[in-house]
Amino acid sequence: MKKASSILLYFSVCALLTVASQAPAQNITTPEDFFGFQLGADGELARWDKIVEYFDMLDGSSDRIRVENLGPSTEGHPYLLVIITSKANMENLDRLREVNLQILDPHRSESEVRELIKEGVAVVSQSFGLHSTEVAAAQTAPELAYDFATRDDEETQRILDNTIMLMFPCFNPDGQIMVTDWYYKYKGTEHEGVGLPFLYHKYVGHDNNRDGDFLNMVEAVYTAKVLYRDWKPEAYVDHHQMGSYGARFYVPPYSEPIRPYADPLMWRETSWYGAHIAYKLEEAGMAGVLNAGQYPGWGHFGWHWITPFHNMAGMLTESASASLASPLYIHPDQLRGGARGLPEYDAQSNMPNPWAGGWWRLRDIVDQQKVAAWAIQDLAARNKETVLWNAYLKSKRQTERGANGFPKAYVIPKSQHDDLTTKKMINTLLMSDVEIQEAGKGFVVEGKSFDEGSYVVSLAQPKMGLIRNLLGRTLYPDNEWTRARDGSPLRPYDTATHTMAEIMGVTVVPVNEAIDDFDRLGGPVPMSGSVAQGATTFRLDGTLNQSYKAVNLLMDAGASVQRVDEASGVLEVGDFVVSGGSGHADIADQTGLSFEALSRAPSTGLHPLAKKRVGMYQRYRGGNMDEGWTRFVFEQFAFSYDSIKDDVIQGGDLSSRYDVIVIPHDTTEMITGEEGPRQPGRPPDVYPPEYMSGIGEKGVDALRAFVNDGGTLIALGDASEFAIDKFDLHVRNVLEGVDTKEFYSPGSTLKVTFDNDTTLGYGMPDDGLILFWSNAAFEITPSRGNERYETIVRYVDRDILQSGWLVGEQHLSKKSAMVAATVGDGKVVLFGFRTQHRAQTHGTFKLLFNAMME
């Protein structure tokens, strides 16, 4: 009761202040009146379509709020940006945006910047509803906007006058609708409050917060344009939820370790903002607030962890979850520590007031998030000059670090294994406002010659830290912050490296000479293709990922396609030879390919390709993000496929419907439906019976019959262990059972060789990098059928690590990373690494595509 009374007092004071000026509030409908319930009430969720209506109403009723529809989401719902500031600022918005960008120009003099700061305001972005089962944030946003629209007290006016808030009220509209509908469908049943059994996004589910660098999803494209290019706010915070049985609320700063190359001011800012948030939460009587714990400064490159490298104070909050919108009772002895910075659930300096247990409700989360969101704007408003000056200093100092450090630039040579993938990388970097030069002539640096058309990325620019993480070798720390007391490695929050160039297969050369001789790219690099006039037979380069897309489109248009097995004239092993069909010019433009004329196709040394019938296993039990990402990759490269569930597989006779079946990265227990180990401290999700998926032994038998009848089974990542076990393959995972102190490699780029003389390796270079994330490494065990097995990808013998973290490389030395086994009349292809991970690992896409085509 004491906590409830404190919170009631806090918000009662706010309400009294609101009443001080009735004029703004009189014509604006409250959220409770509009939605018919208080947002955050037990058992209630406002749906996105109604939330959009509410924001449209606010836009029309308040001169403090402007709503911009940035475009349709993945499934066609409005994706909104809500701008909140004073009336005067709103009338001068374009100028204030221009001033903010000018302040961040590192080449301006300090005196110019001081004058601009007098004119400018602090720009802060806050996003809500990124992860859709974390339901509170999308409920918080309308109520927070209403408060800014109607409160007229001194604090509110100071915030409105001195800040611009860029609010993304729901980062995933599609998922918000899915979860809301799911919740109401099962409300009042035994399944009330259980999470969604399928992905809460068409493709990526929870991984929409892993897309701040590659920008694959349309929602990411919209957000990046606002954050990285159009506005460049000084601070950004993303409001989340976490597990239910620890702290009630995590607020900044992060814990150790931190990722390198951000400006030190940024880390200080997150502590500064976090302290103010925590202070205001304690002031409001909210218990269980943790800062400097649980979430490390080295995370994935989703939104709150990548924005620090765009020189923003990038932060997140994490509230303990209820059961979606249903309250959850938690006994005191169920509360646990064990997270980074919180070894025990006891009072300590970064959580001085532990929550005692009891009922935990959605409204508790909304109240927390409102206080936190308000506190961020409050601190920025009170310290506008400091915030803006330090934004300039970060930009200036990062540019100076890049100019004075090593390397001074990265050169991306024109000559690449896959030049179209290189252009895609360049265009992706441009979307993050990275400054890139294109060489108008050949040049020499440090004795190395580079051709005209090469690209230069100088590090003497504000986004130096981002560039070094994306283009340079990155090593995860191995120290006391990353090891447990017994020496065991502590799992990084995500992959141990995010080196874009490495996983895309793009060669990048660091140089220690400043290069500023060429014109800066002013827009995306063109990707248009060409078709040799008058020809009817064409060569497509087999080293290019885009050739696979073209081949799929051409076969759909009736073309005859063959694959080259023996080099002859201009044809290299792995090239495609195309005859007939239609739409060549359009396909060339779609893919950026050159259709090179052949006088005629060779009569030998080729084999024909036919469009394969592909099925990919799709399960429930929360869905499988790797499956969703793989669907996205298939669609990007025009591979036709069916999503097949348990009933289709268990129904048997698969070879009459499919030539290839793909099992995405998953555990054997999730594939089969067997009972697997339960995560400590977390209750099981008891889905309705129709969503408790798994193919069972009947499905395993059907897959065996499919392969024996001539089908190809592709097992990605951990699904390879399912295939080894259920198909009794003469393959051993040499890492199985090895203690993490002896071997550990979480999300790292590792050096391998490719057998590009075999069809499964066509189009690959002789050597390169793969992304390994605690998967399998293979050894073919002796049998009378050794000839039925082949290795396509093999680890080098030493110095295996390129970027990330690798403990115990001897366990990988010369072992197989990709194996194909002939079983009956068919084939099982095992990938012991992430060949198509998050649609990012373009450098190894061809291995998967080959397995689907051959």
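Remarks
- Whichever residue in the range 536-563 is touching a residue at least 60 places away in the same chain (Cβ under 8 Å) and open to solvent by 30 Å² or more (accessible area, probe 1.4 Å) and, among such residues, is nearest to Leu847 (Cα to Cα): Thr543
- Any hit, the range 296-309, residues being open to solvent by 10 Å² or more (accessible area, probe 1.4 Å) and farther than 16 Å from Leu379 by Cβ: no
- Residue match in the range 221-232 (condition: within 20 Å of Glu134 (Cα to Cα), crowded, with 19+ Cβ neighbours inside 10 Å and modelled with pLDDT of 95 or more): yes
- A count restricted to the range 149-166 and to residues that are surrounded by fewer than 24 Cβ atoms within 10 Å (Cβ to Cβ) and part of a helix (DSSP H, G or I) stands at 8.
- Single residue of the range 442-482 satisfying the filter (of a type in the set (Lys, Arg) and open to solvent by 60 Å² or more (accessible area, probe 1.4 Å)) that is farthest from the chain's Cα centre (by Cα): Lys448
Here's the yes/no breakdown for (1) in contact with a Gly (Cβ under 9 Å, 6 or more places away or on another chain); (2) part of a loop (DSSP other than H, G, I, E, B); (3) surrounded by fewer than 19 Cβ atoms within 10 Å (Cβ to Cβ):
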| residue | (1), (2), (3) |
| --- | --- |
| Leu81 | no, no, no |
| Ala88 | no, no, yes |
| Glu98 | no, no, yes |
| Gln102 | yes, no, yes |
| His107 | no, yes, yes |
| Ser111 | no, no, yes |
| Glu115 | no, no, yes |
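- The number of residues in the range 564-587 being within 17 Å of Glu635 (Cβ to Cβ) and surrounded by fewer than 21 Cβ atoms within 10 Å (Cβ to Cβ) comes to 0.
- When Val123 is tested against (1) over 23 Å from Phe301 (Cα atoms); (2) in contact with a Ser or Thr (Cβ under 9 Å, 6 or more places away or on another chain), exactly one condition is not met: (1).
- Some residue of the range 237-247 being more than 21 Å from the chain's Cα centre (by Cα) and under 30 Å from His77 (Cα atoms): no
- Note on the range 170-192: among residues that are among the β-branched types (Val, Ile, Thr) and part of a helix (DSSP H, G or I), the one that is farthest from the chain's Cα centre (by Cα) is Thr180.
- Meets criteria (in contact (Cβ under 8 Å) with a residue 40 or more places away in the chain, open to solvent by less than 30 Å² (accessible area, probe 1.4 Å), over 21 Å from Ile770 (Cβ atoms) and touching a helix residue (DSSP H, G or I) at 6+ places or on another chain (Cβ under 6 Å)) for Gly529: yes
- Of all residues in the range 649-687 being at pLDDT below 95 and more than 28 Å from the chain's Cα centre (by Cα), the one that is most open to solvent (accessible area, probe 1.4 Å): Glu675
- Looking across the range 485-528, the residues that are of a type in the set (Gly, Ala, Ser), modelled with pLDDT of 95 or more and part of a loop (DSSP other than H, G, I, E, B) come down to Gly487, Ser488, Ala496, Gly505, Ala514, Gly522, Gly523.
- Candidates Asp586, Asp626 - the one that is free of Cβ contacts under 8 Å to residues at least 12 places away in the same chain and under 26 Å from Val218 (Cα atoms): Asp586
- Selection over the range 737-756 of residues that are open to solvent by 10 Å² or more (accessible area, probe 1.4 Å), within 12 Å of Pro489 (Cβ to Cβ) and in contact with a Leu (Cβ under 7 Å, 6 or more places away or on another chain) gives a count of 1.
One line per residue, one yes/no per condition, for (1) outside any loop (DSSP other than H, G, I, E, B); (2) at positive phi:
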residue	(1), (2)
Val561	yes, no
Asp586	yes, no
Ser599	no, no
Met616	yes, no
Tyr620	no, no
Gly623	no, yes
Val648	yes, no
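- Out of Trp374, Trp303, one residue alone is aromatic (Phe, Trp, Tyr) and closer than 22 Å to Pro260 by Cβ. It is Trp303.
- Residue match in the range 795-810 (condition: charged (D, E, K, R) and under 30 Å from Val551 (Cα atoms)): no
Residue by residue, here is whether (1) in contact with a strand residue (DSSP E or B) (Cβ under 6 Å, 6 or more places away or on another chain); (2) farther than 26 Å from Met504 by Cα; (3) open to solvent by less than 60 Å² (accessible area, probe 1.4 Å) holds:
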{"site": "Asp589", "(1), (2), (3)": "no, no, no"}
{"site": "Ser599", "(1), (2), (3)": "no, yes, no"}
{"site": "His607", "(1), (2), (3)": "yes, yes, yes"}
{"site": "Tyr620", "(1), (2), (3)": "no, yes, yes"}
{"site": "Asn624", "(1), (2), (3)": "no, no, yes"}
{"site": "Glu627", "(1), (2), (3)": "no, no, yes"}
{"site": "Phe632", "(1), (2), (3)": "no, no, yes"}
{"site": "Gln636", "(1), (2), (3)": "no, no, no"}
{"site": "Phe639", "(1), (2), (3)": "no, no, yes"}
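- Check on Tyr200, open to solvent by 10 Å² or more (accessible area, probe 1.4 Å) and within 30 Å of Glu690 (Cα to Cα): yes
- Restricting attention to the range 802-854, the residues being under 17 Å from Phe722 (Cβ atoms) and open to solvent by 10 Å² or more (accessible area, probe 1.4 Å) number 3.
- Filtered by the rule that a residue be out of contact with any Phe, Trp or Tyr (no Cβ under 8 Å at 6 or more places or on another chain) and aromatic (Phe, Trp, Tyr), the range 28-63 gives Phe37, Trp48, Phe55.
- When residues of the range 759-793 are limited to those that are of a type in the set (A, V, I, L, M) and open to solvent by 40 Å² or more (accessible area, probe 1.4 Å), the one nearest to Gly747 (Cα to Cα): Leu769
The values are calculated or read from the model by the stated rules, or taken from the named source; none is laboratory data. It should be emphasised that the depicted structure is a prediction, and the values quoted were computed from it without experimental measurement. Virtual Cβ from ideal backbone geometry, glycine too; neighbours counted across all protein chains shown. Just so you know, the surface numbers come from the protein's heavy atoms only, side chains and all, with ligands and any DNA or RNA stripped out. Shrake-Rupley method; radii C 1.70, N 1.55, O 1.52, S 1.80 Å.
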